[in-house]
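Have a look at this one before I ask anything.
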Amino acid sequence: MGASKMKVKLLRYTADPELLCGAAALTSTRSGNPSEIFEGIDLEKARQTIRRVTGYGHMSVIEHASFTFSIEEVSRALTHQLVRHRIASYTQQSQRYVTYDTLKRYVTPPTIAQNPEAKKIFDETLESISAAYKKLLDLGIPKEDARYILPNAAKTNIVVTMNARELRHFFNLRCCARSQWELREVATEMLRQVKRVAPALFENAGPTCVELGFCPEGKMKPPECNIEEIKKRFKSL
């Protein structure tokens, strides 16, 4: 038994996100109409404006661009953390309607997968849960009630939409080495994909230390963290 790799896919995003946010930024300081500013701005000017304005800390202008992702084959443990980011929209695969076979559809943490004894305990427990779940369904118990025994390891799929400002905040927290490993992998891949389509919006995005140049975690900073190496890694995404 095992778990297939999670998948992150950027499904859609605001058309011309950098042009839109650049025009929005110029709207506050120019006398022209926003529509005229948008029609007259080119990509290089938009990117320069975004860098300048966000450099001042004025991040509201990038809220006009939104990005929608499909996050697939991840654990319920991950999505419980993900939905704590409230300035976002979520649609998750429902355990009320979808039948779960936890023998095939679960996530195994690397620390367990790499430890044969732990892996044996983990798999045997999931086999027992899966058998009990199926028996409950066979007894006519509704899926919405049988799901109460499903574990956090159960895989799920979720559609997520965030604006660029909230995404940057999300990356600050969830790309950090202190973030839970599975959500950190998802967040890093999300950042990789948005940087391809809107580099100016996500320049220097990543864990907080990438933007600040120092770790804000204090005594909680993981001993293995090397800020310069982290900065290089995220700037090269």
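No lab work stands behind these numbers, since they all come straight from the coordinates. Here the structure is a predicted model, which means the values were calculated and not measured. All Cβ positions, even for glycine, are placed from backbone atoms using ideal geometry, and neighbour counts span all protein chains on display.
Set the Förster radius R0 to 22 Å, insert the Cβ-Cβ distance between Glu127 and Lys9 as r into 1/(1 + (r/R0)^6), and round the FRET efficiency to 0.05.
0.10
If you don't mind, another one. I need the peptides 154-162, 89-97 ranked by packing, meaning the mean over residues of other C-beta atoms within 10 angstrom, with the highest value on top.
In decreasing order of mean packing, 154-162, 89-97 become 154-162, 89-97.
Just give me a number: lysine pairs in the range 111-219, eight or more positions apart or cross-chain, with C-alpha atoms less than 21 Å apart.
For the range 111-219, qualifying lysine pairs total 7.
Please give the charge dipole size of the range 96-153, origin at the Cα centre, charges +1 on K and R Cβ atoms and -1 on D and E Cβ atoms. Round to the nearest 20 debye.
I would put it at about 160 debye.
Evaluate the relative contact order of the range 96-153 (contact order divided by residue number), counting alpha-carbon pairs under 8 angstrom at least 6 apart; express in whole percent.
49
Report, in degrees rounded to the nearest 10, the 0 to 90 angle that the Cα long axis of helix 116-138 makes with the longest principal axis of the chain.
Once rounded, the angle reads 80 degrees.
For Cα extents along the principal axes in Å, one of [x] 70, 43, 24; [y] 74, 39, 33; [z] 51, 40, 31 was computed from the structure I shared and the rest are decoys. Which label?
Answer label, from the structure shown: [x].
With +1 on each Lys and Arg Cβ and -1 on each Asp and Glu Cβ, how big is the dipole of the chain about its Cα centre, in debye rounded to the nearest 20?
In total the dipole reaches around 200 debye.
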